[in-house]
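Visitor: Before we start, here is the structure in question, set down as structure tokens.
None of the figures in this text is laboratory data; all of them are computed from the coordinates on show. Small disclaimer: the values here were computed from a predicted structure and weren't measured. A quick note on method: Cβ atoms are made from the backbone with ideal geometry, for glycine too, and the neighbour counts reach across all protein chains shown.
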Amino acid sequence: MVYTLHKQPEASVDVVGRYYDNQYINIQNIWRILPDDWYLVVKEHTNAIGDRSLSFFKKIKKLRNLVLLNEHINSHKIIQDSKAIFSVSGSIAYEAALYGKPAFLFVPIFFDKLQNCQTISLETLRNTNNIKDLLANWEENRKNKMTVEAYSKYLLTYSSKGLISDPLTDPKCMEEENLNLVINTFLKLIE
């Protein structure tokens, strides 16, 4: 089992995932349902190196069968070697789902339509005896979700050209051609 830490502050965890912004509690809740012979691997976000206190890492290291992974280890390798990925709303869950791995998210997010993604809650974890039950439930729930192929078609159907960004960091978003693309997309949506 792998839990990847989010950079904080960050909208994906502090706004979208506001009820799951205490990442120590998330880790602890996943850890509580692990069988004695299973490990929870925690990986720091590479953009957050040095942001968290040493006491945070000492605190999670006290949990039995918890391993802190070097933050520079390739995420794709981690996904391939894991039984499942847990994230508040991170893209690693998207990648895991595309690899066919169970991906558990704490909040609904645009890619949770994929058959390998499942949104869970604190209540889900409280009502789960162990991780094996959670994985069995994932197996059952995935039958009602989109395959990678179906999801790709869905994305293409609802995607359009144009860049929406911050003009200070990406001035191209203010170019006339781009503005026309974005305006036309919005006009199609409201028609």
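Visitor: In units of 2.2 N^0.38 Å, what is the alpha-carbon radius of gyration of region 2-75?
Guide: Ratio of Cα Rg to 2.2 N^0.38 Å: 1.08.
Visitor: Can you give the Rg to Rh ratio of the chain, both from alpha-carbon atoms, with Rh computed by the Kirkwood formula?
Guide: So for the chain, dividing Rg by the Kirkwood Rh gives 1.03.
Visitor: Could I ask something else about it? Rounded to the nearest 20 Debye, what is the dipole magnitude of the chain about its Cα centre when Lys and Arg each give +1 and Asp and Glu each give -1 at the C-beta?
Guide: The dipole of the chain has a size of about 760 debye.
Visitor: Moving to a separate point now. Can you tell me which of 40, 125, 163 moves the most in a GNM of the chain? Springs connect C-alpha atoms under 10 Å apart.
Guide: Its mean-square fluctuation being the largest, the pick is 163.
Visitor: Tell me what the chain gives for mean residue ellipticity at 222 nm when only DSSP H runs of n ≥ 4 count, each as -39,500 (n - 2.57), the sum divided by the residue total, rounded to 500 deg cm²/dmol.
Guide: Mean residue ellipticity, 222 nm, calculated: -11500 deg cm²/dmol.
Visitor: If you don't mind, there's one more thing I want to ask. Within the set 7/77; 77/113; 132/153; 43/172, which residue pairs have Cα atoms separated by over 30 Å?
Guide: Numbers: 7/77 21 Å; 77/113 24 Å; 132/153 32 Å; 43/172 34 Å.
Beyond 30 Å between Cα atoms: 132/153; 43/172.
Visitor: Assuming 0.36 nm per residue, please report the length gained on full extension of the stretch residue 24 to residue 185 beyond their Cα-Cα distance.
Guide: On the way: separation 161, 0.36 × 161 = 57.96 nm, distance 4.09 nm.
Separation in residues times 0.36 nm, less the Cα-Cα distance, equals 53.9 nm.
Visitor: Find out how many positive minus negative residues lie around residue 112, taking Lys and Arg as positive, Asp and Glu as negative, among other residues whose Cβ is under 13 Å from that of residue 112.
Guide: +3
Visitor: Let me ask something else. I need the calculated FRET efficiency for the pair residue 165 and residue 36, taking r as the beta carbon distance and R₀ as 45 Å, to the nearest 0.05.
Guide: 0.40
Visitor: May I ask for the net charge around residue 34, where only other residues with Cβ less than 11 Å from the Cβ of residue 34 are counted and Lys, Arg are +1 while Asp, Glu are -1? Write out the running numbers ahead of the final one.
Guide: On the way: positive: 32, 64, 83, 132; negative: 36, 37.
Surrounding charge for residue 34 is +2.
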